[in-house]
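K.L.:
So that we are looking at the same thing, I have put the structure below in structure tokens.
Laboratory data are not the source of any read-out in this text; all were calculated from the coordinates shown. A quick note: this is a predicted structure, and the numbers were derived from the prediction, not measured. Here the Cβ is made from the backbone with ideal geometry for all residues, glycine too, and neighbour counts use every protein chain on show.
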Amino acid sequence: MAVAVVTGASRGLGRALARALAAAGWSLVLDARGAEALGAVAAELAGLGVPVVALPGDVTDASHRAQLVAAAGELGGVDLLVNNASVLGMEPLGVLAEHPVDGFRQALEVNVVAPLALTQAALPLLREAGGAVLNISSDAAVEAYQTWGGYGASKAALDHWSAVLAEEEPGLRVWWVDPGDMRTAMYAAAVPADDDSGRPLPEDAAVPALLALIGGAAKSGRYTVVGQAPKEWER
């Protein structure tokens, strides 16, 4: 049975993808900061008859990352690592002239440094499995949107180390994916004045595309979600 580690799995895209992977028979190791919300997700998914380990904690904590990898090892290894946990760095978003430096530092720590550190910790198991790393990026990584500077900068850095890792680890598949517009709590916190009712839920657009990527023979690279399918990013 394939094993996936999914960070930020208590809500939004992480929760929706965890549900879909569980339905497809994957064993799961789930992370999130909120213990109660994560426990509810784990209890729901365990009802599908697959092993689910929920470990609440902060991905910036080295001991927590070690626990995630150890739990995956006990389930059989790491076939897929999903680095999904992210923070905005400023809520609601604002212009760079007013962006708190501490918030920017936090965005870099959570969105860039922690995913790399977790990937490093999981690399032996990923190599053994010939597995995949899925890093959740954003269109803000490649487009200049007002007020998205701090978050976008962190995702641009995530994109770049993902591309380098793909070159350095040819035995793995490394994907960095812009999941497209979604109706999530994070977006509501970023732009609370925006009516996001017309945006699709993660399970309706992003998740089918991610499952197609995971289950197919897609090579390493940057992808965007178009409809319900992944499309390789055209530079």
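K.L.:
Please list the non-local residues whose amide H lies under 5 Å from the amide H of LEU201, H modeled 1.01 Å from N, same-chain partners needing a gap of 5 or more.
P.N.:
Amide H to amide H, under 5 Å and 5 or more residues apart or across chains, LEU201 pairs with ARG183.
K.L.:
If you take every residue apart from ALA185 with its C-beta less than 11 Å away from the C-beta of ALA185, what net charge results, scoring Lys and Arg +1 and Asp and Glu -1?
P.N.:
Net local charge, ALA185 excluded: +1.
K.L.:
If you don't mind, another one. What angle, in degrees between 0 and 90 and rounded to the nearest 10, separates the Cα long axis of helix 62-75 from the longest principal axis of the Cα atoms of the chain?
P.N.:
Once rounded, the angle reads 40 degrees.
K.L.:
While we're here: How large is ³J(HN,Hα) for each residue in the stretch 109-123, as worked out from phi by the Karplus curve 6.51 cos²θ - 1.76 cosθ + 1.60 (θ = phi - 60°), to whole Hz, x for Gly and Pro?
P.N.:
Coupling constants for the stretch 109-123: 5, 7, 8, 10, 5, 4, x, 5, 4, 5, 4, 4, 5, 8, 4 Hz.
K.L.:
Additional query: What does the net charge come to around ASP58 if you take all other residues with beta carbon closer than 13 Å to its beta carbon, with K and R at +1 and D and E at -1?
P.N.:
With Lys, Arg at +1 and Asp, Glu at -1, the net is -1.
K.L.:
Checking a compactness column here: for the stretch 3-232, what do you get for Rg(Cα) / (2.2 N^0.38 Å), N being the number of residues? The partial results should precede the final answer.
P.N.:
Values: Rg = 16.4 Å, N = 230, 2.2 N^0.38 = 17.4 Å.
Ratio of Rg to 2.2 N^0.38 Å for the stretch 3-232: 0.95.
K.L.:
Tally the DSSP beta bridges in the chain and give the antiparallel ones as a percent, rounded to 5.
P.N.:
On the way: 4 of 29 bridges.
That works out to approximately 15 percent antiparallel.
K.L.:
Around ALA107, what is the net charge, scoring Lys/Arg as +1 and Asp/Glu as -1 over all other residues with Cβ under 13 Å from its Cβ?
P.N.:
Within the 13 Å Cβ shell, the charges total -1.
K.L.:
Quick one: grab the alpha carbon gyration tensor of the stretch 72-189, order the square roots of its eigenvalues as a ≥ b ≥ c, and give me rounded if a/c is under 1.5, else prolate or oblate depending on whether a/b is larger than b/c. Could the numbers behind the result be given before it?
P.N.:
Values: a/c = 2.21, a/b = 2.11, b/c = 1.05.
Prolate, because a/c is 1.5 or more and a/b exceeds b/c.
K.L.:
Please order VAL95, VAL112 by the number of other Cβ within 10 Å, starting at the fewest.
P.N.:
Listed from fewest to most nearby Cβ atoms, that is VAL95, VAL112.
K.L.:
On alpha carbon coordinates alone, what is the Rg over Rh value for the stretch 181-235, Rh being the Kirkwood radius?
P.N.:
With Rh from the inverse mean 1/r over Cα pairs, Rg/Rh is 1.06.
K.L.:
Return the whole-Å distance between the Cα centroid of the stretch 79-106 and the Cα centroid of the stretch 196-235.
P.N.:
Result: 22 Å between the Cα centres.
K.L.:
Hey, another quick one. Which of ALA62, ALA217, ALA54 ends up with the largest GNM mean-square fluctuation for the chain, with Cα atoms connected below 10 Å?
P.N.:
ALA217
K.L.:
Give me LEU75, LEU48 ranked fewest to most by other Cβ atoms within 10 Å of their Cβ, as a rough exposure proxy.
P.N.:
LEU48, LEU75
K.L.:
Further question: Per DSSP H run of at least 4 residues, take -39500 (n - 2.57); add these up for the chain, divide by its residues and hand me the 222 nm value, nearest 500 deg cm²/dmol.
P.N.:
-13000 deg cm²/dmol, from helical runs alone.
K.L.:
Taking neighbour counts of Cβ atoms within 10 Å as a proxy for exposure, in what order, fewest first, do LEU81, LEU158 appear? List each step's numbers first, then the result.
P.N.:
Values: LEU81 30, LEU158 24.
In order of increasing Cβ crowding within 10 Å: LEU158, LEU81.
K.L.:
Could you go through the stretch 11-25 in sequence order and give the Karplus-derived ³J(HN,Hα) for each residue, using 6.51 cos²θ - 1.76 cosθ + 1.60 with θ = phi - 60°, rounded to whole Hz, and x for Gly and Pro?
P.N.:
7, x, 4, x, 5, 5, 5, 4, 4, 5, 5, 4, 4, 8, x
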